[in-house]
Each structure stands twice: as structure tokens, then as C-alpha cells.
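**Student:** Sharing a structure with you now.
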Amino acid sequence: MGIVRILLPLPRAAARLSPEKGGPLLGAALSYCVTPSWAGLRSPSPARRLAWAEEAVAVYRATADTDGLSRALALRAHALLLSGRHEEACTAADEVTAVPGARPSPAPAAFAGLVRAQALAAAGRVEDAVAAAHACVAAYRGLSAADRRDRALGSLPGALRTYALLLGAVGRTEESVAGYEECAALLAALSLRELTQIELVRPQVLAELVAGLRESGRHQDALGVGPEAREALRGPVAWTVPEVVLPLRIRLLVDLAHCHRATGDPVEARACAEEAVADGRRPAGAGALSSALACLADILGDLGEADKEAGVRRELAALDADFTADRP
């Protein structure tokens, strides 16, 4: 992808010299640059990604390639979502299936549906997002084998994870857990090559499954998933996107600590909570430190270690006071 970005001046020059032949080449290069990539690769900034997507849409509008235009529109919708422009992302996603005279490929249409569901959720329209995510899952289930290979435009596991997350947000916990369990089973059946484009989905699904099982009161089941979830949060993905992985790991450890506490194992509960606090003291985990400290304080109280509990609660109170003071 980096080489394509560096060589973009070449297809731009070709498009100027011969729009009929060079335009589709430039559109394809721009679409390639803006397509979601493997988590191990450094992604362009949202602004850069959006600029490329806008240029790709403009290029394809000047050609007869309606399939390329549909794909570029879907990527533009995703770029708007990453830029925090949620309502615009919804509108852009709807454009994918409204290209005049076009019959969009199933993969871009399904991806646009996924973007729409996530944008609706980010805009606070969660019930609408649940319906959109349900339709999106159905769209991905209907993709042919060839279309499913285009994992850069989303996947059934990614769509299921979004749907399960939204079901949990509206209190439909049992359905959410069932969605996560199906998603985890699908991910377990994928090869390493197939997992590369959706590398972040597996740790997210497993950690969120543990949270759902805990909320459902299925503490032993949550502890059963715990080792696999912890393993998924190690390795290259932890090094390349610590700002995503570390808060997820802290939440997982807190959930496991509460499950150990509920099943009468305070020693393991304490070990998980202390590990969560240690991760929360790292820069990428600072936003989750408060929940880790609260968990540790509760467990120390269970163990009768009043002095240590009081010290942790003082630190928690100071942290919350600093957070309140920093708010505008």
C-alpha cells in the first residue's frame, strides 16, 4: 500500500493525459490507498483517507465504471465515519446503492450497510443502528465465495461483532452473547491468511464475549473463554495498536476479576485486578485505570485488607477529581 501511495503521481498524470484509460487506473489506485488495511500497517490519517476517497469518487464519476464508483462511495462513507462526520457517513452510505444505472457489487453494498450501522450508533441512534446491523449481517451472509474473499470491505465476523455490540447496548444481552458466540466460532475456523484483514476483530469479539457472559451471570463460561481472549490480546496486534488493545485488555481483566470474585476465588480475582491496574498505569491504558482501581478496591475489601483498600480508594478519588477538573 505504501508503494501505491508513493506512486500516485503516475496514475494522476496518466488520467490527465488520457482520462478514458487513465481515469479508472487512478480511481483503482486511490481506492486501494483508502481501503481498510491490516492492523499491523500504519493507517493514513482520517483527513488524508477522506481526501483520497473524495478524489476517487470524483475520478469514477467521470468514467463509465459504475462498479468502481460504488466501491469508492462505500470507502468515502467509511472515511467520513473515521472523521467523526456520522450523519454525512449515513448519507454517503445510502449513495452506494443509488448510483444511476448501476447494479452495485454485493461486497461494497454490504460494507456500506456496515458503515451505516456504525455511523447511526455513533450519532446516538442506537435502535436504528440495531436494525441496520441486522440487515448488514444478512447481506454478508448472502455474499458469494468470491465476494467474501474481499475482506478489505468488511466480513461476516465483523458485521456480527457490530450487531452483537449494538444488541448489548440496548439491553438484549442474551441475543448479544449468541451473536458473539457465533462470531467466535466463525473466526476460529479461519486460516491465518484470512485473519490478517480482520486481525482486530478476534480480540475484540473474545473480550466482549467475556463481558456479555459476565453480565448474563455465566461466570464459569466467561472464565472458560478468558485464556483465549487474553492470548488474542498479545503479540503483534498489541504492539501495533496499543491504544486499542490495552484498554480492551484492562476491561477483560476487570471482567475476569469480577467473575473470579463471583465464583469464590478472591486470590485469582486480586491477581487479575492488580494486572489491570498495572496496565492502566501505562499511557495507552490511562483511560481505563479508574475501573481497574475500583475493581481492586472492592476485592481488597472482600479480603479484609482495609488499609490497602483505603489507599486504592484515595488514589481513585484523586484520579476522578483530576478528571473532573480537566473537563471543560
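The values are calculated or read from the model by the stated rules, or taken from the named source; none is laboratory data. The model shown is predicted, which means the values in this text are computed figures rather than measured ones. Counting neighbours? That spans all protein chains shown, and the Cβs are built from the backbone with ideal geometry, glycine included. For accessibility, only protein heavy atoms count, side chains too; no ligands or nucleic acids. Shrake-Rupley method; radii C 1.70, N 1.55, O 1.52, S 1.80 Å.
**Student:** Which percent of the accessible area of the range 181-328 is formed by carbon and sulfur heavy atoms (probe 1.4 angstrom)?
**Tutor:** Working: 4060 of 7450 Å².
So the carbon and sulfur contribution to the accessible surface is 54 percent.
**Student:** Then there's this: Run the dipole for the chain about the Cα centre, Lys and Arg Cβ at +1, Asp and Glu Cβ at -1, nothing else charged, and hand back the magnitude in debye, nearest 20. Walk me through the numbers on the way to the answer.
**Tutor:** Working: 36 positive and 40 negative charges, 292 e Å.
Using only the charged Cβ atoms, the result is roughly 1400 debye.
**Student:** Follow-up. In debye, nearest 20: dipole of the range 175-281 around its Cα centre with unit charges on the Cβ of K, R (+) and D, E (-)?
**Tutor:** Working: 11 positive and 17 negative charges, 51 e Å.
It comes to approximately 240 debye.
**Student:** Let me ask something additional. Find the accessible area per residue for the range 237-325; the probe is 1.4 Å, ligands and nucleic acids are left out, and the unit is Å². If you can, show how the numbers build up before the last one.
**Tutor:** Working: 4310 Å² over 89 residues.
Normalised by residue count, the accessible surface of the range 237-325 is 48 Å².
**Student:** In debye, nearest 20, what is the charge dipole magnitude of the range 68-117 about its Cα centre with +1 on Lys and Arg Cβ and -1 on Asp and Glu Cβ, if you could check? Working shown, then result.
**Tutor:** Working: 5 positive and 4 negative charges, 34 e Å.
It works out to roughly 160 debye.
**Student:** Just to confirm the filter: which trypsin sites (Lys or Arg not before Pro) across the range 214-308 are DSSP coil and have at most 13 other Cβ within 10 angstrom of their Cβ? Mind dumping the intermediate values first?
**Tutor:** Working: sites: Arg214, Arg218, Arg230, Arg234, Arg249, Arg251, Arg261, Arg270, Arg281, Lys308; in loops: Arg218, Arg234, Arg281.
The qualifying sites are Arg234, Arg281.
**Student:** Counting heavy atoms of the protein chains only and a 1.4 Å probe, report the per residue accessible area for the range 147-208 as a whole number of Å².
**Tutor:** About 43 Å² of surface per residue is accessible.
**Student:** Below 11 angstrom from the Cβ of Leu256, what's the summed charge of the other residues (Lys, Arg +1; Asp, Glu -1)? Don't jump to the answer; show the numbers that get you there.
**Tutor:** Values: positive: Arg214, Arg230, Arg249, Arg251, Arg261; negative: Asp255, Asp265, Glu268, Glu275.
Net of charged neighbours comes to +1.
**Student:** Taking only protein heavy atoms and a 1.4 Å probe, what accessible area per residue, in Å², does the range 55-103 have with all protein chains in place? Kindly include the intermediate steps, with their values, before the conclusion.
**Tutor:** Values: 2240 Å² over 49 residues.
Accessible surface, normalised per residue, equals 46 Å².
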